[in-house]
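Peer 1: I have a structure here, written as structure tokens, and I will follow up with some questions on it.
The values are calculated or read from the model by the stated rules, or taken from the named source; none is laboratory data. Since we're looking at a predicted model, the values are computed, not measured. Ideal geometry is used to build each Cβ from the backbone, glycine not excepted, and the neighbour counts take in all protein chains shown. Heavy atoms of the whole protein, side chains included, go into the accessibility calculation; ligands, DNA and RNA do not. Shrake-Rupley method; radii C 1.70, N 1.55, O 1.52, S 1.80 Å.
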Amino acid sequence: MPGVAITGREMTRDYPAGERSLTALDHVDLDVTPGALVAITGPSGSGKSTLLHVIGGMDILTSGTLLVGDTQLDELPPRKLVNYRRRVGFVFQRFHLLPALTAADNVAAPLLPYQAGKALQQRARELLEQVGLGDRGDSLPSQLSGGEQQRVAIARALIVDPPLLLADEPTGNLDSATGETIFDLLIELHSRTGATLLVATHDPAVDARCDVHLAIRDGKMVPPTDQEARVTFARPGTSSD
Ligand SMILES: Nc1ncnc2c1ncn2[C@@H]1O[C@H](COP(=O)(O)OP(=O)(O)O)[C@@H](O)[C@H]1O
Ligand SMILES: [Mg+2]
């Protein structure tokens, strides 16, 4: 599935915070070309997750516009977001697998309400094979290591054949060697599928391997000159174990 373009203008997300409100995204402009590999870096609380959630249809803008592929998200009624979300692959820091389901059923889970039976099971097994877990389909998440659980989560993200993959600190819960192999896998799948991939990350090694570097601070995009300095600084950290 070829990747989607993303165009955001003046994207703002305010959350109520007592009497005042907290601006998690503050007039952010964003241009992402189809199939790009984009890193979004910034300190904790800077708005990375909020940006990914808005792009993935898991949260909505307070103001501003956002076009993803041919979907104008800011004009979409909330009930229609469900359909949009079904085509987005999301990988989380904490894997978010369902503990009572086997690896294969976790991979199949996003499509279970719509499609059942052998074909779905077979596709789930194929995806597990692709992420190097061909023999672990019957294992429960508790029987898998962190890296293996994240592989299952990546296979689950892929089952909807997503034109857009969003990874929120995908290596944040893994040791650096495991994180590196997980990111290798994401990069391989990105180039194989052609999906647009946005990665929120704290990890300079992950940032350095992306093609486009965006930095966010207090809900605002940091100017490109600062980004260049930061990325150059980050490069020596690539051999991180
Ligand atoms: N659902 C929410 N309700 C209220 N405040 C939120 C919510 N989600 C995020 N925030 C706030 O928005 C800011 C940005 O958070 P977040 O996007 O999670 O940052 P990051 O992912 O970069 O750590 C933070 O101050 C956070 O506390
Ligand atoms: Mg976050």
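Residues are listed down the side, and each one gets a yes or a no for (1) in contact with a Cys (Cβ under 9 Å, 6 or more places away or on another chain); (2) charged (D, E, K, R); (3) assigned to a loop (DSSP other than H, G, I, E, B):
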position	(1), (2), (3)
9	no, yes, no
21	no, no, no
25	no, no, no
31	no, yes, no
45	no, no, yes
79	no, yes, no
93	no, no, yes
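Peer 1: When you scan the stretch 145-154, do you find a residue that is in a loop (DSSP other than H, G, I, E, B) and either open to solvent by 10 Å² or more (accessible area, probe 1.4 Å) or more than 16 Å from ligand 1 (Cβ to nearest atom) (or both), even just one?
Peer 2: First, pick out the residues of the stretch 145-154 that are in a loop (DSSP other than H, G, I, E, B): 145.
Filter once more, so that each one left must be either open to solvent by 10 Å² or more (accessible area, probe 1.4 Å) or more than 16 Å from ligand 1 (Cβ to nearest atom) (or both): 145.
Checked against the condition, which is being in a loop (DSSP other than H, G, I, E, B) and either open to solvent by 10 Å² or more (accessible area, probe 1.4 Å) or more than 16 Å from ligand 1 (Cβ to nearest atom) (or both), the stretch 145-154 yields at least one hit.
Peer 1: Might you let me know whether the stretch 135-142 holds any residue that is charged (D, E, K, R) and touching a residue at least 24 places away in the same chain (Cβ under 8 Å)?
Peer 2: yes
Peer 1: Which one is most open to solvent (accessible area, probe 1.4 Å), of the residues in the stretch 32-64 that are more than 15 Å from ligand 1 (Cβ to nearest atom) and among the hydroxyl-bearing types (Ser, Thr, Tyr)?
Peer 2: If we take residues in the stretch 32-64 being more than 15 Å from ligand 1 (Cβ to nearest atom) and among the hydroxyl-bearing types (Ser, Thr, Tyr), then 33 is most open to solvent (accessible area, probe 1.4 Å).
Peer 1: Out of 13, 87, report the one residue that is away from ligand 1 (no atom under 15 Å from the Cβ), touching a strand residue (DSSP E or B) at 6+ places or on another chain (Cβ under 9 Å), at negative phi and of a type in the set (Lys, Arg).
Peer 2: Residue meeting the stated conditions: 87.
Peer 1: If you go through the stretch 130-144 one residue at a time, do you hit one that is in contact with a Gly (Cβ under 9 Å, 6 or more places away or on another chain) and either open to solvent by 60 Å² or more (accessible area, probe 1.4 Å) or assigned to a loop (DSSP other than H, G, I, E, B) (or both)? Please lay out each step first, then the result.
Peer 2: First, the residues of the stretch 130-144 that are in contact with a Gly (Cβ under 9 Å, 6 or more places away or on another chain): none.
The answer is no, given that none of the residues of the stretch 130-144 is in contact with a Gly (Cβ under 9 Å, 6 or more places away or on another chain) and either open to solvent by 60 Å² or more (accessible area, probe 1.4 Å) or assigned to a loop (DSSP other than H, G, I, E, B) (or both).
Peer 1: Residue under question is residue 94, and the condition is that it be closer than 21 Å to residue 182 by Cβ and within 16 Å of ligand 2 (Cβ to nearest atom); does it hold?
Peer 2: yes
Peer 1: If you don't mind, another one. Considering the stretch 184-223 alone, what residues qualify as being assigned to a loop (DSSP other than H, G, I, E, B) and on the phi < 0 side of the Ramachandran plot? Walk me through how you get there before you give the answer.
Peer 2: Within the stretch 184-223, the first condition is being assigned to a loop (DSSP other than H, G, I, E, B), and the residues that meet it are 194-195, 202-203, 209-211, 218-219, 222-223.
Passing the criteria: 195, 202, 203, 209, 210, 211, 222, 223.
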